[in-house]
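Enquirer: Dumping the structure here so I can ask a few things about it.
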Amino acid sequence: MAKIYPIGGGKGGVGKSFITASLGALIAKWGKKVVLIDLDLGASNLHTLLGMNSPKIGLNSFLNKTVKNLENAAVPTMIPNLFLISSFHCYMEIANLFYAQKLKIIDAIKQLPFDYVLLDLGPGTNFNTLDFFLTSKEGILICTPEPTSIENSFRFIKTIYFRKLKQMMKKNTFDSVFKDPSSDLNGSGINPPDIIEVVLKHDSGKETFLRNTLSEFKFKLIFNQFRNNVDATLGDQFKDICNRHFYSIFQFLGNISYDSRIHDAIFSKILYIHKYPHTQSAADLKKIAARIISKIPSASFGKDML
Amino acid sequence: MKKFDGLNYYEILKIPMTSSYFEIKRAYKDALSLYNEDSIVTYSLFSKEERDQIIDDIKDAFSTLTDDQKRATYDQMLVDSGQVETLIPSMEKQYISNPLSSTHTRVNEKQVYSRVTEKLLMEDVKTLSDEILLKERLSGDDLKKLRKAVDVKILEIQHITKISTSILTAIEENQFEELPPDTYLRSFLKSYAKILQIDPQKVIDGYLKTISLAKKADDSNPK
C-alpha cells in the first residue's frame, strides 16, 4: 500500500508545489517509487517545476477513459523513480469537478501501486481541496512563519475537521439537530471544532466516536520561507499549541530557509535542489524528506520527557 | 477548541512536578507570552473569552505552585485523586522557598544511584542489561529501554550530567544529525552509561558503530 501524503495548507503562494516537487525528487532518490499528482485543478503547474513540458497524458486521460486506470496516467519525469500525474490538459472547467468524478479519483489514488503518493493541492478550503486532503489520515500542512499564513492553517485544520464530521454524519445516525450543523453554527458563531462540544451536550454517546475519529489524523507541519529574524522555535510552538488545542496528532517536520535563488531555479525550470544542492534550503528539504520516510525519527512527538 | 480540560497545573505550564521556583517562573512567563493576544501563534485561535479563561488558568497555576503551602496541598490532591502515582521521594523537603538557593539540588544523585542499583538486582532488569551490553551495536532504543527499566528519567540525567535534554533525547531517538561531534558525544555517552551503571566503553563503541553504519547506508544511496 502506498503512503499517501496530501500537501495543503490554506494560503496560496506558500510553496506547496515547490515543496511537493522537491520532496518527491528527494524521496525518489532514496530508491522509492513516487508519484506526484497535481490536484491544483485549473491552476496546475507542477510539471513546470519539474522542468517538463505539459504532459499529454494525465488526469484528463483517466477521466475520459483513454487510459485504463490512474496508474497509466502517470508519466515518468527526468528523475528516475519519480512520476507525475498532471491535470494540465483537463477540460477548462475542471476546477468545478463533479462529485462522482472526484470520488472516482480519490478511489483510484488509494489503489495506486507506488511507495509514495504526494498530492499537490490547491490553496483555500474548497470542497475539492478538503476531500483530496481527506484521502489519507496523514497530511502535510505548508505554512510560512507569518500571521496570515498561520491563521489560514488553523482555519484549514478546523475546516478539515468540519468536513470530516459532516462526512461522518452522513454515514451515521446523529441527533437530527446536527444533520445540518453549518446553518446552526453559522448563526451562533461557534467555531467548527466546537461542534464536538455541541454534540457532547446533546449526544454524549457520540463523544468518544468523534474524538477517536479526529485523533486518527496526523498532521505534519512545515514552515517554508523561513528567515533568520524569525524565532526558530516557532514551529515547535505551533505544533505544541495544535497538539494541545486540537484533537489530532501534530508533528513538526522542520523549517525551510528562505532563499531568493529558489525563484531563479523556478525561472530556469530546473529543480532547485538540483541547481543548488549545497544550500541551506536544500539541506532543510533533505532533512524533511528523510523525516517523512522515517530515516530520522522526528524530534517533535516527544511528550515523554518525564 | 480544547482549552485546558483535564490538564493539571504542571501540565498547563509544561513543567515536571519537581520544578523549582525559577523554572515555574520561567514557564509562567513563556505561557503568558504564548497565549498573549499578540502572540503570532495563538492570536487567531481563541475568542476573547477563551483567551481570558486560559490566562486565568495560567495565573492560578502560577500562584498555586509558587506558594509552598498551596503547592503541597495541590500535590497531595493530585496523588489522592490518582492523577499522579506518588510524589517523587526527593521532592518532599525540597520545595525551595528561597529562590536564591540552587535549583539543581532537586534531583538527588545518590538517590538515583541507589534506585538504579536496586533495580539492577531484579533479575529481569539484569538480564535486559546483560543482553543489551552483549550486542555488538547499540541503538538509542536499547539505551532508552534500559533507562526505563532502571526507572531513571531524562530530566534526572540532565540534572546530574548537565547534558541538555534535547541531546539526550536525540541520542535515544537515534537522531544522528542532531548529535554533537564525536568527542563530545563520547563523553556524553560515558556520563549516561555511568548513571545506568553499565560499561561506558561498550556503550560508546556500540553506539558509534550504529552511527557509522547508518551513515554508510546513507552514503550508499544516491545523493
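The values are calculated or read from the model by the stated rules, or taken from the named source; none is laboratory data. This one's a predicted model, so the numbers in the text were calculated from it and none came from an experiment. Methodologically, a virtual Cβ is constructed for each residue, glycine included, from the backbone with ideal geometry; neighbour enumeration extends over all protein chains shown.
Enquirer: Being of a type outside the set (Val, Ile, Thr) and over 13 Å from the mean Cα position of the chain (by Cα) is true for just one of B:Leu134, B:Leu155. Which residue is that? Lay out the reasoning, then the answer.
Expert: Values: B:Leu155 fails: over 13 Å from the mean Cα position of the chain (by Cα).
After applying the criteria, what remains is B:Leu134.
Enquirer: Moving on to the next point. Among residues belonging to the stretch B:143-201 that are in a loop (DSSP other than H, G, I, E, B) and of a type in the set (Val, Ile, Thr), point out the one that is nearest to B:Leu213 (Cα to Cα). Lay out the reasoning, then the answer.
Expert: Filtering the stretch B:143-201 for residues in a loop (DSSP other than H, G, I, E, B) gives B:150-153, B:162-164, B:173-175, B:179-181, B:197-199.
With the extra rule that they be of a type in the set (Val, Ile, Thr), the set shrinks to B:150, B:152, B:163, B:198.
On the way: B:Val150: 28, B:Val152: 28, B:Ile163: 25, B:Ile198: 23 Å.
Filtering the stretch B:143-201 for residues that are in a loop (DSSP other than H, G, I, E, B) and of a type in the set (Val, Ile, Thr), the one nearest to B:Leu213 (Cα to Cα) comes out as B:Ile198.
Enquirer: Test each condition in (1) within 12 Å of another protein chain (Cβ to nearest Cβ); (2) within 18 Å of B:Lys209 (Cβ to Cβ); (3) not in a helix (DSSP H, G or I) for B:Leu138 and report the one that comes out false.
Expert: (1)
Enquirer: May I ask you to say which residue of A:Ser22, A:Ser54 is farther than 23 Å from A:Ile256 by Cα and either buried (at least 22 other Cβ atoms within 10 Å of the Cβ) or touching a residue at least 12 places away in the same chain (Cβ under 8 Å) (or both)? Show your work before the answer.
Expert: Details: A:Ser22 fails: farther than 23 Å from A:Ile256 by Cα.
Answer to the selection: A:Ser54.
Enquirer: Here's something else I'd like to know. Can you give me the ranges of the strands (runs of 3 or more DSSP E) entirely in the stretch A:1-99 with at least 1 residues that are aromatic (Phe, Trp, Tyr) and within 25 Å of A:Asn126 (Cα to Cα)?
Expert: A:3-8
Enquirer: Now, a different point. If you take the residues of the stretch B:195-223 that are over 17 Å from B:Leu138 (Cβ atoms) and among the acidic types (Asp, Glu), which of them is farthest from the other protein chains (Cβ to nearest Cβ)? Reasoning before the result, please.
Expert: First, pick out the residues of the stretch B:195-223 that are over 17 Å from B:Leu138 (Cβ atoms): B:218-223.
Now restrict to residues that are among the acidic types (Asp, Glu): B:218-219.
Working: B:Asp218: 8, B:Asp219: 12 Å.
The qualifying residue farthest from the other protein chains (Cβ to nearest Cβ) is B:Asp219.
Enquirer: Further, regarding this structure: Quick one: in the stretch B:47-83, of everything that is within 13 Å of chain A (Cβ to nearest Cβ) and surrounded by 15 or more Cβ atoms within 10 Å (Cβ to Cβ), which residue is nearest to the chain's Cα centre (by Cα)?
Expert: B:Ile58
Enquirer: Can you report the number of residues in the stretch B:1-29 which are over 18 Å from B:Leu78 (Cβ atoms), more than 9 Å from chain A (Cβ to nearest Cβ) and of a type in the set (D, E, K, R)?
Expert: Summing the residues that are over 18 Å from B:Leu78 (Cβ atoms), more than 9 Å from chain A (Cβ to nearest Cβ) and of a type in the set (D, E, K, R) in the stretch B:1-29 gives 3.
Enquirer: Starting from residues that are free of Cβ contacts under 8 Å to residues at least 24 places away in the same chain and facing another protein chain (nearest Cβ under 8 Å), keep the ones in the stretch B:31-46 and report whichever is nearest to A:Lys239 (Cα to Cα).
Expert: Taking the stretch B:31-46 first, the residues free of Cβ contacts under 8 Å to residues at least 24 places away in the same chain are B:33-44.
Keeping just the survivors that are facing another protein chain (nearest Cβ under 8 Å) gives B:34, B:40-44.
Values: B:Leu34: 12, B:Ile40: 13, B:Val41: 10, B:Thr42: 11, B:Tyr43: 15, B:Ser44: 15 Å.
Per the criteria, the residue is B:Val41.
Enquirer: If I filter the stretch B:97-133 down to residues being part of a loop (DSSP other than H, G, I, E, B) and β-branched (Val, Ile, Thr), which single residue comes out as modelled with the lowest pLDDT? Talk me through it step by step, then tell me what you get.
Expert: Applying the first criterion (part of a loop (DSSP other than H, G, I, E, B)) to the stretch B:97-133 yields B:97-103, B:107-108, B:122.
When the remaining residues are screened for being β-branched (Val, Ile, Thr), the result is B:103, B:107.
Numbers: B:Thr103: 45, B:Val107: 70.
Checked the stretch B:97-133; the qualifying residue modelled with the lowest pLDDT is B:Thr103.
Enquirer: Among the listed residues A:Ile160, A:Ile150, A:Ile142, which satisfies the condition of being more than 10 Å from chain B (Cβ to nearest Cβ), surrounded by 20 or more Cβ atoms within 10 Å (Cβ to Cβ), in a helix (DSSP H, G or I) and not basic (Lys, Arg)? Explain how you work it out, then say what you get.
Expert: Values: A:Ile150 fails: more than 10 Å from chain B (Cβ to nearest Cβ); A:Ile142 fails: in a helix (DSSP H, G or I).
After applying the criteria, what remains is A:Ile160.
Enquirer: OK, next. Would you point out the residue of the stretch A:1-54, among those that are closer than 19 Å to A:Tyr272 by Cα and either aromatic (Phe, Trp, Tyr) or in contact with a Cys (Cβ under 9 Å, 6 or more places away or on another chain) (or both), that is nearest to the other protein chains (Cβ to nearest Cβ)?
Expert: Going through the qualifying residues, I end up with A:Trp30.
Enquirer: Still on this structure: Yes or no: A:Ile256 β-branched (Val, Ile, Thr), more than 12 Å from chain B (Cβ to nearest Cβ) and under 14 Å from A:Thr144 (Cα atoms)?
Expert: Values: β-branched (Val, Ile, Thr): yes; more than 12 Å from chain B (Cβ to nearest Cβ): yes; under 14 Å from A:Thr144 (Cα atoms): yes.
Considered against the rule, which asks whether it is β-branched (Val, Ile, Thr), more than 12 Å from chain B (Cβ to nearest Cβ) and under 14 Å from A:Thr144 (Cα atoms), A:Ile256 comes out as yes.
Enquirer: Is it true that some residue in the stretch A:129-144 is modelled with pLDDT of 90 or more, polar (S, T, N, Q) and more than 14 Å from the chain's Cα centre (by Cα)?
Expert: Yes, that holds for at least one residue.
Enquirer: Output the number of residues of the stretch A:215-239 satisfying the condition of being crowded, with 18+ Cβ neighbours inside 10 Å and in contact with a Ser or Thr (Cβ under 9 Å, 6 or more places away or on another chain). Before you say what the answer is, go through the steps one by one.
Expert: First pass over the stretch A:215-239, keeping only residues crowded, with 18+ Cβ neighbours inside 10 Å: A:217, A:219-226, A:234-235, A:237-239.
Checking which are in contact with a Ser or Thr (Cβ under 9 Å, 6 or more places away or on another chain) leaves us with A:217, A:219-221, A:223-226, A:235, A:237-239.
Here the count works out to 12.
Enquirer: Also, I was wondering about something else. Conditions first: (1) among the basic types (Lys, Arg); (2) over 30 Å from A:Tyr247 (Cα atoms); (3) touching a helix residue (DSSP H, G or I) at 6+ places or on another chain (Cβ under 8 Å). A:Lys56 passes all but one, so which condition is the exception?
Expert: Unmet condition: (3).
Enquirer: I need the full set of residues from the stretch A:100-147 which are closer than 26 Å to A:Leu214 by Cβ, touching a residue at least 12 places away in the same chain (Cβ under 8 Å) and acidic (Asp, Glu), in order please.
Expert: Correct list: A:Asp120, A:Asp131, A:Glu138.
Enquirer: Of all residues in the stretch B:167-194, which are more than 14 Å from every other protein chain (Cβ to nearest Cβ), surrounded by 19 or more Cβ atoms within 10 Å (Cβ to Cβ) and touching a helix residue (DSSP H, G or I) at 6+ places or on another chain (Cβ under 6 Å)? Steps first, answer last, please.
Expert: Start the filter on the stretch B:167-194 by keeping residues that are more than 14 Å from every other protein chain (Cβ to nearest Cβ), which leaves B:180-194.
Still in the running and surrounded by 19 or more Cβ atoms within 10 Å (Cβ to Cβ): B:185, B:188-189, B:192-193.
Residues satisfying the conditions are B:Leu189, B:Ala193.
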